[in-house]
Amino acid sequence: MKESVNFAKKDVMLILAGVILLALEFVISIGSIRIDICSDVVAYVLIIAGISGMTRRNNIFKKCRSTAVKGLVVAVAMQFVYCLSLGQFQANADLFMKGVATIFFIYFTYYFTEGVALEAKMQDKAAVSRNFKITWGVFGVFIFAYYIILNFELNDIVSILVQAVMVICAVYYCYTIAGACERLYMEGLPPHAQEALEQTGSASN
């Protein structure tokens, strides 16, 4: 039992590292080519590596993996767009791709938050997740706000401030989730939840 518990904790750390990378955005230009230093591709690879080990625990984590895979596809496409010179269509292509990427980012964090909340409910520790909705809600608002400000070029200072707040929200979100998972996975499952998990695993086989 201890080995599987530790494995779940490692998975959570991979996912949260990916979330932090998604919240960071530093794009540099080399001629007509732009490079995202904090690559969303790397972020989603980390997330998929982590969430793939957790899909057996509940169906919401399966939605997380599906959303992360779609996010990875969008991230690869966005990097491809960065390397192209589309002339007058470049701005519209950037706006569209970043909008889609933002949607998948928000959806993934929503599903992951709900998945961890379901784990807390299964383990009779619902109190662990009581602040999840507020924490995710504030984080999600700033993810969307940063997209609006960045892509519509409202103000450079405002853009920097909103990104800074978004990163702070991301760190707090990850801190909250990590703290909850520390209690959920390191303390083990109650007997009835362990039996339900084993039955789910048997049914999937």
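The values are calculated or read from the model by the stated rules, or taken from the named source; none is laboratory data. Worth saying up front: this structure is predicted, and the values here are computed from it rather than measured. Note that we place each Cβ from the backbone using ideal geometry, even for glycine, and neighbour counts take in every protein chain shown.
List of remarks:
- Residues satisfying the stated conditions in region 127-141, i.e. in contact (Cβ under 8 Å) with a residue 40 or more places away in the chain and not in a helix (DSSP H, G or I): ASN131
- Residues of region 166-199 satisfying the condition of being at pLDDT 80 or above and surrounded by fewer than 16 Cβ atoms within 10 Å (Cβ to Cβ): ILE168, VAL171, TYR172, TYR175, ALA178, GLY179, GLU182, ARG183
- Residues of region 43-58 that turn out to be modelled with pLDDT under 90 and of a type outside the set (Lys, Arg), as a count: 4
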